[in-house]
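The values are calculated or read from the model by the stated rules, or taken from the named source; none is laboratory data. Because the structure is a prediction, the values reported are computed rather than measured. Cβ sites come from the backbone with ideal geometry, for glycine too, and all protein chains shown count toward neighbours. SASA here: full protein model, heavy atoms, side chains in, ligands and nucleic acids out. Shrake-Rupley method; radii C 1.70, N 1.55, O 1.52, S 1.80 Å.
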Amino acid sequence: MRRDLGLQKILTRRASILTACQAGLLFLLAGRLYDLQVVQSDLYKLLADENRINLRLLPPRRGKILDRFGIEIATNRLNYRVVLVPEDTGDVERTMDALSELISISTHERRKVLREVMRNRSFVPVMAAENLTWEEFSKVNVHSPDLPGIHPEVGESRHYRLGEAFGHVVGYVATVAEDELNGDPLLELPGFRVGKSGVEKTYDLKLRGTAGNRRVEVNAYGRIIRELARNEGKPGVDTTLTIDADLQHMAYKRLGGESGSIVVVDVHTGEILSLVSTPGFDPNAFNVGLDQETWHSLLNDARAPLINKGISGQYPPGSTFKMMVGLAALEAGIVGPNHSVQCKGSVRLGNHEFYCWKEGGHGHVGFVDAFVRSCDSFFYDVALRTGVTRIAEMAHRFGLGSTANIELPSERSGLIPTKEWKQAVRGEPWQKGETLVTGIGQGYVLATPLQLATMTAQIANGGHKLQPHVVRNTSSGNTEASDKLIDGVHSSTQSGLSLGVSSEALELIKAGMEGVTQRRTGTAFRSRIYDVRYAMAGKTGTSQVRRISKRERLARIRKNEEKPWIERDHALFVGYAPMDAPQFAISIVVEHGGSGAKVAAPIARDVLLEVQQLQFRRKRSHPGFQQAVRTELG
């Protein structure tokens, strides 16, 4: 009996322990369930959602680039494309093979896709093909169930409506290079492009905008079932240029097949109305993608189509530099307006002979006449009297020898030589003969077309400093500058700062520039504008690209046009118009074009006439002008 009771107690105790253990396990299970379903419910809900909901970045719409009157130069258009997600494909090469049967994919493009797949993480989408036709895009959509990891998309692509004439100013966009990746996920989006040159590069961040995103529900294969939410992000800011699209197109066409540059500046505001560099390039080609053959042809072209010659081309200014020499001499009191020289065709200094461009010389030449006839002997004399230090100081005052900090990349500074510069760079003392050749814009002197246009504009506006610029604003709707151009109203110069040059000296220089086009003996008389309302003043220049030997000079072995292109002289012209109330300044450089009078001056005449007539036609069509006419007629 006692034995049974003891056994019963043991069983009861063991049952109690087992029950307690079961109760404890149930309590722990309930606690864990409470922790999962209540305490950590948000976390696990998020993890579950991430398995079926993806958050994808949306590239922002790139801001437009407009000319000063609102004409679209760079805009966006639909881009039918195909994106590949490596981790969803299973076998990338097999998927590319299947895709290649539907649309044309070159070997180069295929290698590029595979390289991008290897470079990026497996979940990062890669652009497999873009700029497809509607027919190609439709094919891919129809066969998409058989193409794992392939996603047809409709995006946007940059489009340059006005082509080659604007390539150097506007620049172009292209795919992001590996060294440009900085951790910004936007840059890793397939097909995303950034500015590589011109305004596109300088204002890339503003034009780019801010990325948006969309939440999409996907199935187990990663295919999108539906879109849950979308945030378009912030589009890029539209950028308005100072460029006049009509004038730019005309100037580009006028240079034709030549290699060179044209710069037109408003002499009161510093706004650049035209900045042409030829030969040009089509920026759309860079956006779509260049093949190797086209790329190498651009790189190896002797006329350098990829260089913006207006700001990066550095040339001996030739006789267009003579205004700086004359101003330096006048301001220093070295010579006066009555100074004259007897030109015999050459000047001897020591054992060296320095020739005037006119064989036999010009005879007796006064100050103004020296500009009109571009007498080298006169400026040899004035330069030697004035000295290179004073000449360099005046040139720097007018913006030569330093960058203008224009809003475009790759601007060059040119060179205004001094004694100190030569000693520091070459380790040699300055020679008097180098002062003579500096006096006619040769030797070490180098200038860009932009610098020459700015120099001329500051002469024309009475010696007020200008800051040339090509961007008016980075938002749309501001028409004040355009209205000023139409109305021809300019109350003051852009900065109002004086260059410290006397009005008497400037007027004497301007008298010489006016004589160049208005006197029969002027080097650009044949290229004058006949309508006195639009008449221009200017200065021709012809700069040598290599030193001519005495034997060549005396024997006149070959004419310029008979030489190889690379050995021919550069043709230059600087000027302003209208002559009585200057508003526009121009500089032209035609590489290896020969005579400035024969080649550059006629181009300047046509472009200056065009910009003034464009202004007149716009003024007549302007609502304010029409209202004034109606008021006048009662």
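Residues satisfying the criterion are present in the stretch 163-178 (criterion: among the hydroxyl-bearing types (Ser, Thr, Tyr) and either within 15 Å of the chain's Cα centre (by Cα) or under 28 Å from ASN308 (Cα atoms) (or both)). Screening GLU93, GLU116 for residues that are acidic (Asp, Glu) and either within 30 Å of ILE243 (Cβ to Cβ) or open to solvent by 60 Å² or more (accessible area, probe 1.4 Å) (or both) leaves exactly one candidate, GLU93. Filtering the stretch 128-174 to residues that are assigned to a strand (DSSP E or B), open to solvent by less than 60 Å² (accessible area, probe 1.4 Å) and touching a helix residue (DSSP H, G or I) at 6+ places or on another chain (Cβ under 9 Å) leaves ALA128, ALA129, ILE150, HIS151, PRO152, SER157, ARG158, HIS159, TYR160, VAL173, ALA174.
Table: residues versus (1) open to solvent by 20 Å² or more (accessible area, probe 1.4 Å); (2) at pLDDT 75 or above; (3) out of contact with any Leu (no Cβ under 6 Å at 6 or more places or on another chain).
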residue	(1), (2), (3)
VAL590	no, yes, yes
ALA600	no, yes, no
PHE625	yes, no, yes
THR631	yes, no, yes
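Based on what the data block shows, is THR75 of a type in the set (Ser, Thr, Tyr) and closer than 30 Å to VAL470 by Cα? Yes. Identify the residue in the stretch 374-396 that is farther than 14 Å from LEU436 by Cα and crowded, with 23+ Cβ neighbours inside 10 Å and, among all such residues, is nearest to the chain's Cα centre (by Cα). Looking at the filtered set, the residue picked out is ALA395. Against the conditions (1) farther than 21 Å from PRO145 by Cα; (2) of a type in the set (D, E, K, R); (3) not in a loop (DSSP other than H, G, I, E, B), ARG121 satisfies every one except (3). Counting only helices (runs of 4 or more DSSP H) that sit completely within the stretch 398-470, those holding 1 or more residues that are open to solvent by 40 Å² or more (accessible area, probe 1.4 Å) correspond to 419-426, 432-439.
If you filter the stretch 254-278 down to residues that are open to solvent by 30 Å² or more (accessible area, probe 1.4 Å) and touching a residue at least 60 places away in the same chain (Cβ under 8 Å), you find that the one that is nearest to PRO468 (Cα to Cα) is HIS268. Of all residues in the stretch 364-373, count the ones that are open to solvent by 10 Å² or more (accessible area, probe 1.4 Å) and part of a helix (DSSP H, G or I). Matching residues across the stretch 364-373 total 3.
Could you list all residues from the stretch 290-304 that are touching a residue at least 24 places away in the same chain (Cβ under 8 Å) and either assigned to a loop (DSSP other than H, G, I, E, B) or in contact with a Pro (Cβ under 9 Å, 6 or more places away or on another chain) (or both)? Those that are touching a residue at least 24 places away in the same chain (Cβ under 8 Å) and either assigned to a loop (DSSP other than H, G, I, E, B) or in contact with a Pro (Cβ under 9 Å, 6 or more places away or on another chain) (or both): ASP291, ALA302, ARG303, ALA304. Sub-9 Å Cβ pairs linking a first residue in the stretch 529-549 that is more than 18 Å from ILE588 (Cβ to Cβ) and basic (Lys, Arg) to a second residue that is modelled with pLDDT of 95 or more and open to solvent by 10 Å² or more (accessible area, probe 1.4 Å), at least 6 apart or interchain, are ARG533/PRO578, ordered by first then second residue. List every residue pair whose Cβ atoms lie under 6 Å apart, where the two residues are 6 or more positions apart in sequence or sit on different chains, the first residue falls within the stretch 67-78 and is closer than 17 Å to GLU200 by Cα and open to solvent by 20 Å² or more (accessible area, probe 1.4 Å), and the second residue, located anywhere, is among the small types (Gly, Ala, Ser) and at pLDDT 95 or above. From the stretch 67-78, the pairs are ILE71/ALA245. For the stretch 117-130, taking the residues that are in contact (Cβ under 8 Å) with a residue 40 or more places away in the chain and in contact with a strand residue (DSSP E or B) (Cβ under 8 Å, 6 or more places away or on another chain), the one that is nearest to GLU93 (Cα to Cα) is identified as ALA128.
Yes or no: the stretch 219-242 includes at least one residue that is free of Cβ contacts under 8 Å to residues at least 40 places away in the same chain and either surrounded by 18 or more Cβ atoms within 10 Å (Cβ to Cβ) or within 14 Å of the chain's Cα centre (by Cα) (or both). No; the residues of the stretch 219-242 include none that is free of Cβ contacts under 8 Å to residues at least 40 places away in the same chain and either surrounded by 18 or more Cβ atoms within 10 Å (Cβ to Cβ) or within 14 Å of the chain's Cα centre (by Cα) (or both). Please verify whether the stretch 55-62 includes one or more residues that are at pLDDT 75 or above and open to solvent by 80 Å² or more (accessible area, probe 1.4 Å). There is at least one residue in the stretch 55-62 that is at pLDDT 75 or above and open to solvent by 80 Å² or more (accessible area, probe 1.4 Å).
Out of ILE548, ILE566, one residue alone is surrounded by fewer than 19 Cβ atoms within 10 Å (Cβ to Cβ), β-branched (Val, Ile, Thr) and modelled with pLDDT of 65 or more. It is ILE566.
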